[in-house]
Structures are given as C-alpha cells and as structure tokens.
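Report on the following structure.
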Amino acid sequence: MPSARAFVAPSASEPLSASTIERRATGPNDVEIEILFCGVCHSDLHTARDEWEVWPTVYPCVPGHEIVGRVRKAGGNVRSFKEGDLAAVGCMVDSCGTCPSCSESLEQYCETGSTVFTYNSPDPHETTPVTYGGYSESIVVDERFVLRVPENLDPAAAAPLLCAGITLYSPLRHWQAGPGKKVGIVGLGGLGHMGVKLSHALGAETVLFTRSATKAEEGKRLGADAVVVSKNDDEMQAQAGSFDLIVSTVAVSHNLDPYISLLKRDGTLVLVGAPEHPHPSPTVFNLILGRRSLAGSAIGGIAETQEMLDFCAERGIASDIELIPVQKINDAYSRLLQGDVKYRFVIDMKSLQ
Ligand code: NAP
Ligand code: ZN
C-alpha cells in the first residue's frame with residue numbers, strides 16, 4: 001500500500017504532529033494528486049477536537065478538505081484528467097451516485113447516507129478505518145469527485161474555494177441572491193469573507209454583520225455595501241425587516257432572534273456555521289409573523305462546485321489567505337479561535353518534506 005507523509009491529530013487533546021499514513025493504490029477510475037495547498041477550515045478544528053457529538057472523530061484524524069494539487073497519475077478509465085493537470089478535491093470523495101439527490105449532483109445530501117466525506121468518514125475502500133484528508137502530501141480520489149482548477153486562479157488562494165467558497169455560493173444561488181435582493185452575511189471569517197465577495201459578485205446588495213467595528217473597512221474592501229456591528233443594538237434595529245436572505249457562518253451557538261427580526265416577509269435565515277452546541281430555540285412568533293424561514297445548507301454538489309470555480313475564475317475571485325507551513329497548524333487553530341486570521345490559513349504542503 002503506498003504511504004504518504006501527513007499531519008495528524010492523535011487524539012482530541014493532543015496537538016497535531018507529523019506521521020505517515022496509507023493511501024490506496026490508484027485504481028482505474030482514480031486520480032492520484034500531489035497536494036500543493038490545503039486550506040484550514042473551522043470544521044477541521046471541530047473534527048480534530050471531537051466537538052461534534054453527531055459525528056464523533058476516529059483517531060488518528062487527518063483533517064483538510066480544501067485541496068489543490070497536481071495530478072501525479074490517472075487510472076486507465078479516467079477521461080477528464082491527465083498527469084500534470086491542476087486539480088482539486090473538496091469536502092466529499094464519494095456517494096451512492098444513484099439516489100434522487102446524487103442524480104441531481106447534490107451528493108452532499110445522498111439519500112442512502114453514502115456520502116463519503118474527505119476525512120472522518122468510514123472508508124469504503126477499507127484502506128484506512130476512516131478517510132484521511134488533505135493535511136498530507138497526496139490523495140487518491142475517484143475521478144467523479146475531482147474538480148478542474150482554471151489555470152488563471154492562484155492555486156493557493158483557490159484552495160479555500162473548495163469548502164468556504166462553495167458553502168456560501170450554494171445557498172446564495174439556491175435562495176437567488178442577485179440584483180434587487182438584499183443579503184446579509186454574518187461573521188467575517190473564512191466562510192464569511194467568501195460570502196461577502198460572492199454575494200457582491202452576484203449583484204446583491206450585501207451587508208456584513210461582524211462583532212468587531214475594526215472589520216468595517218475590510219468588509220467594504222471585500223465587497224460589502226454596508227457593515228453592521230452586531231453588538232450595537234441601534235445599528236441592528238436600523239436594518240429591521242429589510243433582508244431577503246441572511247447567511248450565518250458563526251461557529252458558536254448564539255441567539256438567532258436578532259437576525260430573524262431583520263428578515264423581510266418571506267425572508268430566510270440560512271445557517272451554515274456548525275457550532276459544537278445547539279443554538280437556543282428562536283421565538284416562534286418571530287417566524288410566524290412575516291412567514292419567515294429558518295434553514296440550513298451543506299457545502300454544495302460537485303457540479304455546482306465546478307460552476308463556482310469557473311465563476312470565480314471568470315470574475316477573478318479567490319480567498320484572502322495567509323500561507324503557513326504545516327508545522328504552524330496548532331498555532332493556526334489557536335488563532336482561528338481568537339478570530340486572528342485574514343481570512344483563511346492555507347498550508348503550503350512543500351513544508352511537509
Ligand atoms: P472562522 O474562520 O472561524 O469564522 C467564524 C466567524 O464567526 C468568525 O470570524 C467571527 O466573525 C464569527 N464568530 C466567532 N465567534 C463568534 C461569537 N462568539 N459570536 C459571534 N460571532 C462569532 O470559521 P469558518 O471556517 O468560516 O467556519 C464557520 C463555521 O461554518 C464553522 O462552524 C464550520 O464548521 C462551519 N462550516 C459549515 C459548512 C457547511 O457545509 N454548512 C462548511 C464549512 C464550514 P466576526 O469576528 O466577524 O464576528
Ligand atoms: Zn470546511
């Protein structure tokens with residue numbers, strides 16, 4: 001079995017450290033990718049520290065689902081990729097392929113429960129107990145789950161598009177963000193900064209909600225028409241009943257009512273942040289009066305992820321990143337919790353060697 005260098009979490013309480021993992025041999029439908037860059041998502045941290053009760057972590061854990069690299073080898077049946085191509089892998093590496101959701105390329109909602117996530121999912125190939133993600137020098141993935149990276153995108157800044165980008169693009173498209181619509185993005189982190197850029201690019205009036213007044217200038221530079229400091233009640237009140245759509249990327253549980261109150265009649269608050277603890281239940285009358293919706297959304301399907309990459313390439317959109325060597329990952333996790341990142345850490349995988 002081929003082996004690969006990786007950075008792994010040995011347990012919920014130990015720092016990540018260097019190790020060696022196994023990868024399956026490249027099969028006829030597989031693409032073997034030499035990983036150049038891997039973004040650091042807050043989900044990596046939730047998983048490394050076993051914070052999601054619904055999805056317990058199996059150790060050792062290799063996080064990382066914002067992967068960009070070069071094709072090292074393509075199996076005999078592979079048609080869309082050849083050695084040397086720039087390629088990417090996001091949050092999923094397999095699904096049943098035949099259920100209604102998979103048939104619509106909504107593999108993240110596979111109805112047979114067979115979505116295989118890039119890390120911490122049972123490995124259908126049984127090479128390893130669970131799938132191992134992108135904090136590694138290479139990965140082997142079925143061609144159907146490999147994305148093409150347009151050559152005009154900077155590969156390091158494109159990596160976060162594979163999760164942060166698609167997780168915002170998908171609900172923005174589904175709830176029809178565009179000209180004439182007013183969209184709020186809550187939280188200026190990895191997901192949030194992509195939300196501001198994408199909502200603006202789609203033509204919606206875009207408002208950023210952040211806890212810190214110091215992020216106001218930044219929010220506008222990234223494409224927000226206005227910035228609201230969420231701790232300031234007067235600023236919040238001034239926006240009451242005015243939004244078609246609000247997408248919350250907040251990574252901790254919080255009171256949803258102040259945001260639901262900002263929705264127009266028939267407006268929707270979409271939760272994409274996945275905190276460790278549940279949000280307190282919102283006030284029912286706040287939903288009833290105004291026929292408002294509270295919704296959730298998970299990443300995006302493979303076809304939509306490709307559409308998003310092509311859209312970003314066309315519009316010159318990528319992530320604002322801080323490139324780090326893999327040895328700085330534990331420090332990066334601490335800084336993520338302090339909100340000290342502009343706006344995505346990306347691991348330069350050369351540092352593994
Ligand atoms: P991140 O970079 O840490 O950003 C989270 C943002 O939330 C922070 O920048 C901060 O924005 C805001 N925030 C943090 N603590 C807060 C608090 N106590 N009160 C209010 N706001 C707070 O994380 P990320 O990588 O963008 O991920 C965000 C969440 O989305 C995570 O829970 C992650 O697991 C989840 N996620 C979900 C999906 C999905 O498919 N649904 C996909 C990927 C990630 P301000 O400082 O501007 O207030
Ligand atoms: Zn992610």
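For the chain, a crude dipole built from +1 on the beta carbon of Lys and Arg and -1 on the beta carbon of Asp and Glu, taken about the Cα centre, is about 580 debye to the nearest 20. The residues packed around residue 328, meaning those with a beta-carbon under 13 Å from its beta-carbon, carry a net charge of -3 if Lys and Arg are +1 and Asp and Glu are -1.
Using only side-chain charges placed at the Cβ, +1 for Lys and Arg and -1 for Asp and Glu, the dipole size of the range 139-201 relative to its Cα centre rounds to 380 debye. Think of the chain as a dipole: +1 on every Lys or Arg Cβ, -1 on every Asp or Glu Cβ, centred on the Cα centre; then among 300, 163, 236, 236 lies furthest on the positive end. Computed from the Cβ-Cβ distance with R0 of 25 Å, the FRET efficiency linking residue 112 to residue 77 stands at 0.60. Extending 7 Å from Cα along the Cβ direction at residue 327 and again at residue 98 yields two label points whose distance is 5.0 nm. As a ratio to 2.2 N^0.38 Å, the alpha-carbon radius of gyration for the chain is 0.97. Residues of the range 16-32 falling in the label zone of residue 1, defined by backbone nitrogen less than 17 Å from a point 7 Å along Cα to beta-carbon, are 19-27.
Note on the range 79-137: Kirkwood hydrodynamic radius from all Cα pairs is 12.7 Å, rounded to one decimal.
The sum of -39500 (n - 2.57) across all DSSP H runs of n ≥ 4, divided by the residue count of the chain, sets its helix-only mean residue ellipticity at 222 nm to -6000 deg cm²/dmol.
Projecting the Cα atoms of 114, 100, 269 onto the charge dipole of the chain (Cβ charges, centred on the Cα centre) puts 269 farthest toward the positive pole. One Cα centroid belongs to the range 202-217, the other to the range 247-322; the line between them spans 14 Å. Between the alpha-carbon centres of the range 64-101 and the range 156-175 there is a gap of 17 Å. Computed over neighbours whose Cβ is under 13 Å from that of residue 297, the net charge equals 0, Lys and Arg +1, Asp and Glu -1.
Pairs from the table (197/328; 215/328; 231/328) lying more than 30 angstrom apart at Cα are 231/328. Each listed q (0.09, 0.10, 0.16 Å⁻¹) maps to a log10 I(q)/I(0) for the range 218-353, found by the Debye formula over equal Cα scatterers with no solvent: -0.39, -0.47, -1.11. As an equivalent ellipsoid, the range 164-296 spans semi-axes of 20, 16, 15 angstrom, where each value is the square root of five times an eigenvalue of the C-alpha gyration tensor, largest first. Can you pull the one-decimal nm distance between simple spin-label points at residue 353 and residue 277, each 7 Å off the Cα toward Cβ? It is 4.6 nm.
Computed from point charges on the beta carbon alone (+1 for Lys and Arg, -1 for Asp and Glu), the dipole magnitude for the range 155-286 about its Cα centre is near 300 Debye.
None of the figures in this text is laboratory data; all of them are computed from the coordinates on show. Keep in mind it's a predicted model, so treat the numbers as computed, not measured. Here Cβ is always computed from backbone atoms with ideal geometry, including for glycine, and neighbour counts include all displayed protein chains.
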